[in-house]
Amino acid sequence: MIDPLDSLLSDIQHECDNAAVDMFGAETTARWKSPSFAAIMEHPDSVGEMTGSCNDSIKIFLKFDGNRICKASFYTTGCGASIVSADAVCELSSGKTIDEASEIDGEDIIRTLGKVPEDKKHCAHLASSALQEALGTWLEMNKKNNPL
């Protein structure tokens, strides 16, 4: 016999999943449920953190191999749109040089995600800003360590 509470919870979860797919599409919903880059990195080379007007905060952690990002991860206190945006910016920046990564903006993240509701697009720009902050921090630290 199926517990009525378990059945109700299953129905609610199914409704939530359907709403997320309607709002973000199947691929982005799958990214939200299982982000590839969600982790607080130990001993990062650089960190960038930004808080948006919505009070969502995204922190981007970077490891470098020379001038190339060899590992990226994120932590966010934000909503699903912040999670998928931070995950996408980590994906987009991994393996890129600093110059290449500095070109990544919110619109690149939105294109990568595909379907983002208008009222959630600011999360993509927040993730991009956190990446730019991490890159700027790394450049500033290296300028101090290797002055011209």
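Scanning segment 101-122 for residues that are hydrophobic (A, V, I, L, M, F, W, C), in a helix (DSSP H, G or I) and more than 13 Å from the chain's Cα centre (by Cα) gives a single hit, Ala101. A single entry from Leu131, Leu139 fulfils the requirement of being within 15 Å of the chain's Cα centre (by Cα) and closer than 17 Å to Asn67 by Cβ: Leu131.
Every residue, every condition in (1) of a type in the set (Lys, Arg); (2) under 21 Å from Asp17 (Cα atoms), yes or no:
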position	(1), (2)
Ile40	no, no
Asp45	no, no
Gly48	no, no
Phe64	no, no
Lys71	yes, no
Ala81	no, yes
Ala86	no, yes
Val89	no, no
Lys96	yes, no
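Can you spot a residue in segment 67-77 that is more than 30 Å from Lys143 (Cα to Cα), under 15 Å from the mean Cα position of the chain (by Cα) and of a type outside the set (Gly, Ala, Ser)? Yes: one or more hits. Under the condition of being assigned to a helix (DSSP H, G or I) and either closer than 17 Å to Ser34 by Cβ or touching a residue at least 24 places away in the same chain (Cβ under 8 Å) (or both), the residues counted in segment 71-98 number 14.
Residues that are modelled with pLDDT of 95 or more, within 21 Å of Ser102 (Cβ to Cβ) and of a type in the set (D, E, K, R) do not occur anywhere in segment 29-44.
With respect to being within 20 Å of Asp22 (Cβ to Cβ), among the hydrophobic types (A, V, I, L, M, F, W, C) and touching a residue at least 40 places away in the same chain (Cβ under 8 Å), Leu126 falls outside the description. Looking across segment 81-105, the residues that are surrounded by fewer than 20 Cβ atoms within 10 Å (Cβ to Cβ) and small (Gly, Ala, Ser) come down to Ser94, Gly95, Ser102.
Say we look at segment 32-66 and pick out the residues that are in a loop (DSSP other than H, G, I, E, B) and under 9 Å from the mean Cα position of the chain (by Cα); which of these is surrounded by the fewest Cβ atoms within 10 Å (Cβ to Cβ)?
Filtering first and then ranking leaves Pro35.
Just one of (1) surrounded by fewer than 18 Cβ atoms within 10 Å (Cβ to Cβ); (2) modelled with pLDDT under 95; (3) of a type outside the set (Val, Ile, Thr) fails for Gly78. It is (1). In segment 1-35, the residue that is nearest to Lys115 (Cα to Cα) out of those that are hydroxyl-bearing (Ser, Thr, Tyr) and without any contact (Cβ under 8 Å) to a residue 60 or more places away in the chain is Thr29.
The values are calculated or read from the model by the stated rules, or taken from the named source; none is laboratory data. Computed from a prediction, not measured in an experiment: that's the story for all the values here. As a convention, Cβ positions derive from the backbone with ideal geometry for all residues, glycine included, and neighbour counts pool all protein chains shown.
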